[in-house]
1. About its Cα centre, how strong a charge dipole does the range 49-186 have in debye, to the nearest 20, once Lys and Arg get +1 and Asp and Glu get -1 at the Cβ?
2. Against the 2.2 N^0.38 Å scaling, with N counting residues, where does the range 21-175 land? I'd like the Cα-based Rg ratio to two decimal places.
3. Where the Cα atoms of the range 43-93 are projected onto their three principal axes, how long is each span, largest first, in whole Å?
4. Near S152, within a Cβ-to-Cβ distance under 9 Å, what is the net charge of the other residues, with Lys and Arg +1 and Asp and Glu -1?
5. Convert each backbone phi in the range 136-142 into a coupling constant with the Karplus relation 6.51 cos²θ - 1.76 cosθ + 1.60 (shift: θ = phi - 60°), then list the ³J(HN,Hα) values in order as whole Hz, x for Gly and Pro.
6. Per residue of the range 83-95, in order, report the coupling 6.51 cos²θ - 1.76 cosθ + 1.60 (Karplus, θ = phi - 60°) as ³J(HN,Hα) in whole Hz, putting x for Gly and Pro.
7. So what's the gap between the Cα centers of the range 30-53 and the range 133-186, to the nearest angstrom?
8. I need D84, D74, D131 ordered by Cβ neighbour count within 10 Å, fewest first.
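Just so you know, all these numbers are worked out from the coordinates, no wet-lab data involved. Worth saying up front: this structure is predicted, and the values here are computed from it rather than measured. Cβ placement follows ideal geometry from the backbone for every residue including glycine, while neighbour counts extend to all protein chains displayed.
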Amino acid sequence: MSTDPASAPTPPPPSGSTEPSTGSSGGYVLREPAHRLHRRAVLAWYLGEAGAAVLGAAVVLVAAWLLPDRFVPDWLPWALIALDVAAAAVVPPWRYRVHRWEVTDTAVYTQTGWWTRERRIAPLSRVQTVDLEQGLVDRLLGLAEVRVTTASAAGALRIPALDRATAERLAQDLTRAAEAIGGDGT
């Protein structure tokens, strides 16, 4: 049996904190969340990147065809297409290694990014809405996104590419927990 967390299935949402969510000063600790997204996130992102690469290649080729030769060297469109394809191959697994999420008794933690990393904490007392979303690719792959809206100017916290059942459970648990804490969401 493998102990590698990347090979383990996406865990169910925790019913309680496994690690203290507040520091010694009483504030929340900004730390790496415990759970990875579902492994099918990589496939979903590959499909998205492939679509973007095809569209990017089409734009480059049309622009090269429309612009006079003196403005566009012959090698430039092919170099741009090669960069686009390379990004489509590299970005999805890179994002998978970075994206994480966790819910404790008091907060929702997320980590996102690939060039830059963003860690966010939303106290459950500030949760205003919890939404479950599925795009076409998500539906085909059995994935869903949980969106947690707070009063933050930074916008909603997104937990993409969760197994549909895990996402539904997480949305229900977050809604119940936010109601139980009884904050005013601001």
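1. Charge dipole of the range 49-186: 260 debye, to the nearest 20.
2. The value comes to 1.31.
3. For the range 43-93, the Cα extents along the three principal axes come out at 40, 14, 8 Å.
4. Numbers: positive: R120, R126; negative: none.
Computed value for this residue: +2.
5. Listing the rounded values in order: 4, 5, 4, 4, 5, 9, x Hz.
6. Going residue by residue, I get 5, 4, 5, 4, 5, 4, 7, 8, 5, x, x, 5, 4 Hz, with x marking Gly and Pro.
7. Each part reduced to its Cα centre gives a spacing of 16 Å.
8. The order, fewest Cβ neighbours first, is D74, D131, D84.
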